[in-house]
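Comments concern the structure below.
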Amino acid sequence: GSLVPQPIAVRYSRSPRGISALNGVLPYLAILAAAIIEGEGAYVAACALVAAGRLQPAGVIVAGAVGAAIGDQAYFYLFRWQLTKWLARFPSLERRAAPLVNLVRRRATLMVLLIRFAPGLRIALAIACAYVKVSPLKFSVLNSAAAFVWAIALFAIVGWAGPAALEH
């Protein structure tokens, strides 16, 4: 192989060697659904399938980003209503959430942008953003942009840097 890592777009081929079940729109809908529910695992696997020439790069990136954004935003919008009253019923939970809530209050824009890059805190950050009444438009726009940055960055790491590192 070449000493210079080649991006996926260069290595990708449309040969008929792909798995027949990976033809059409179904795999991309599955990636979208998995990104809504789970996050990285299925998306990383899809990126690996792109590197193997079995899926289209643009379809994987778009499905992963849109699914990730829908998943984050579902928690934000679901908990936007009545969260203050509900949380007031559980004072110990309210106390435990206070440091995160205060951080989100002080740095709302940064926290919305970081949701995609904080596994383990995604749901909590989205709920905290709802709790402190981050503007829905601000949350949706920033979170969608961050989801695309996340999808492209993870794609580049898994599909380009990963195979290049394994070749050496």
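Figures for the structure shown
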| quantity | calculated |
| --- | --- |
| Given (1) hydrophobic (A, V, I, L, M, F, W, C); (2) open to solvent by 40 Å² or more (accessible area, probe 1.4 Å); (3) over 29 Å from Ala33 (Cα atoms), index of the condition Ala98 fails | (2) |
| Tally, over region 120-136, of residues that are open to solvent by 20 Å² or more (accessible area, probe 1.4 Å), among the aliphatic types (A, V, I, L, M) and either within 16 Å of Val66 (Cα to Cα) or more than 19 Å from the chain's Cα centre (by Cα) (or both) | 1 |
| Qualifying residue in region 113-121 (condition: at pLDDT below 90, assigned to a helix (DSSP H, G or I), on the phi < 0 side of the Ramachandran plot and touching a Leu at 6+ places or on another chain (Cβ under 9 Å)) | no |
| Failed item in (1) among the basic types (Lys, Arg); (2) under 19 Å from the mean Cα position of the chain (by Cα); (3) loosely packed, with under 14 Cβ neighbours inside 10 Å, with Arg107 passing the rest | (2) |
| Where Thr84 falls short, out of the listed (1) at pLDDT below 75; (2) outside any helix (DSSP H, G or I) | (2) |
| Ala69 being closer than 14 Å to Glu40 by Cα and either in contact (Cβ under 8 Å) with a residue 40 or more places away in the chain or crowded, with 18+ Cβ neighbours inside 10 Å (or both) | yes |
| Criterion: within 12 Å of the chain's Cα centre (by Cα) and open to solvent by 30 Å² or more (accessible area, probe 1.4 Å) - qualifying residue of Phe90, Phe117, Phe79 | Phe117 |
| Residues of region 33-59 classified as under 14 Å from the mean Cα position of the chain (by Cα) and not in a helix (DSSP H, G or I), total | 2 |
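The values are calculated or read from the model by the stated rules, or taken from the named source; none is laboratory data. Values in this document were obtained by computation on a predicted structure and should not be read as measured data. All Cβ positions, glycine included, derive from the backbone under ideal geometry; neighbour counts span all protein chains shown. These accessible areas exclude ligands, DNA and RNA; they are computed on the full protein's heavy atoms, side chains included. Shrake-Rupley method; radii C 1.70, N 1.55, O 1.52, S 1.80 Å.
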